[in-house]
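Here the structure is laid out as structure tokens; the discussion comes afterwards.
Bear in mind that the values in this text are calculations on the coordinates, not laboratory data. As the structure is a prediction and not an experimental result, all values here were calculated from the model. Using ideal geometry, Cβ is built from the backbone for each residue, glycine included, and neighbour counts are taken over all protein chains shown.
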Amino acid sequence: MTIFIKDDLRASVEAATGGLVTVLYTAAGHPSYMNVIPKFNLQDIDASLGTGVHPAFIVNGVEKSELFIGQHIGCVKDSNLLSFPGAVPQVSANFDTFRTWAANNGPGWHMMTNAEWAAIALWCWKNGTMPRGNNQYGRDIGSPWETARRVDGGNIGEAVGNGRTYTGSGPASWRHNGQANGIADLNGNVWEWTGGFRLNNGEIQVLANNDAADNTKDQSRTSTLWKAIKASDGSLVAPGTAGTLKYDASSANGTGGNVLSDTVTNRSGNVDEDDYVNGTSQAFESMGLKNGLTVPAIAKALCLYPAVEGLGADNFWMRNHGERLPLAGGYYSIGASAGVFARGLNSARTVVSGDVGARPAYVL
């Protein structure tokens, strides 16, 4: 694979980071800074997740020894989605456009998936390195002395203008491992589209394991690869099958809490499905559970339901009307609600927002 030929840039980055960061090149020859994430087992994180390798490390039925995750939120050059320090995060493109930019990088490249994001979030919790970040216009709301460089040149913490910050310009505590060689900006800065997971009228649907890392897999609205999750045993079944996992809410118009269920009692909503809307929200850790329902391990492994305690105030938004694609991490103005376990499941795939970007990833 010519993508792994040593050069001065790659050698210097690996030497400076103890090999935890490398530089991979797209088919067009553009460099991208990527964190190397070794394979780990579910039981090594928490017994409630099940046993065996985390599904993020299984692509098309094949176990992967590592994942390569963009160290930084993506920027775009020549229609390639790249991870580069000190860059302006690319925003203002919809789900499918970001997926296309990542696939343009070449075979193995993809927009980061929900399975990959979940694996890293659980790793952070296990290792006690829940990252802080830009969630208050250039600073962390809980540690306001921790700051980064605002793209718009505005005053740190002042809620005026666009509060995005240059990629990786915050302190080490904003990295997934609490060190300078970690993945940056998973808490705040901009929301990030993630693949392989959606809501469809409240029903949770996924691609198997981390098959969404294969950029040839269809993730369109009408794809037959979307599967629901059987509540009784966690198996993947056809969408619409009785007894699949769903998110329920007491109101489709923004009030009440979120509940993991095998039924949906309210699918109504007086909004256009293309709108970027607020759905019901609450801290992820306090998500409700339908009486009598036992959460299958896969739902916890994919961070569809909290498996553990100590997740902080990371918030969870959802809307059970229409198709909704996941945003992860939060953005620069939502304070303590941002974090590695924060999810927004209230936006259609066509949404274009100045607060939403994506991150490249790669599998060999």
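Under a point-charge model restricted to the Cβ atoms of Lys and Arg (+1) and Asp and Glu (-1), what is the dipole moment magnitude of segment 52-211 relative to its Cα centre, in debye to the nearest 20?
On the way: 11 positive and 13 negative charges, 57 e Å.
About 280 debye.
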*Report ³J(HN,Hα) in whole Hz for each residue of segment 52-67, in order, from the Karplus equation J = 6.51 cos²θ - 1.76 cosθ + 1.60 where θ = phi - 60°; Gly and Pro get x.*
x, 5, 4, x, 4, 9, 10, 10, 6, x, 10, 6, 10, 6, 7, 10
_Added length on full extension, which subtracts the Cα-Cα distance from 0.36 nm per residue, residue 286 to residue 323_ = 10.9 nm
*Counting alpha carbon pairs within less than 8 Å and at least 6 residues apart, what relative contact order, in whole percent, applies to the chain?*
21 percent
*Looking at 144, 103, 177, which one has the Cα that reaches farthest to the positive end of the dipole of segment 74-188 (charges on Cβ: Lys, Arg +1; Asp, Glu -1)?*
177
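Starting from the Cα-Cα distance between residue 7 and residue 43, subtract it from 0.36 nm times their residue separation and give me the gain in nm to one decimal. Spell out each step's value before the answer.
Numbers: separation 36, 0.36 × 36 = 12.96 nm, distance 3.79 nm.
Computed gain between residue 7 and residue 43 is 9.2 nm.
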*With springs connecting C-alpha atoms under 10 Å apart, model the chain as a Gaussian network and identify which of 155, 189, 215 has the largest mean-square fluctuation.*
155
*Pairwise Lys count, the chain - Cα closer than 18 Å, eight or more residues apart or different chains*: 14
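About its Cα centre, how strong a charge dipole does the chain have in debye, to the nearest 20, once Lys and Arg get +1 and Asp and Glu get -1 at the Cβ?
80 debye
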*For residue 330, residues with placed amide H under 5 Å, excluding near neighbours*: 188, 192, 339
_Mean separation of Cα contacts under 8 Å, 6 or more apart, over the residue count of segment 1-114: relative contact order %_ = 19 percent
*Apply the Karplus parameterisation 6.51 cos²θ - 1.76 cosθ + 1.60, with θ equal to phi minus 60°, to every residue of segment 319-324 and state each ³J(HN,Hα) to the nearest whole Hz, in sequence, with x for glycine and proline.*
9, 9, 10, x, 8, 10
_Integer Hz, Karplus 6.51/-1.76/1.60 couplings in order for segment 147-155, x for Gly and Pro_ = 9, 9, 7, 6, 5, 7, x, x, 5
*asked:* Let me spell out the model: positive unit charges on the Cβ of Lys and Arg, negative unit charges on the Cβ of Asp and Glu, origin at the Cα centre of segment 187-229. What dipole size does that give, in debye rounded to 20?
replied: 100 debye
_For segment 307-363, the spread of Cα positions along each principal axis, largest first, Å_ = 34, 32, 27
*Report, in deg cm²/dmol and to the nearest 500, the calculated mean residue ellipticity at 222 nm for the chain, where each DSSP H run with n ≥ 4 adds -39500 (n - 2.57) and the sum is divided by the residue count.*
-3000 deg cm²/dmol
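Can you figure out the FRET efficiency of residue 159 with residue 77, using R₀ = 25 Å and their beta-carbon distance, to the nearest 0.05?
After rounding to 0.05, the efficiency reads 0.20.
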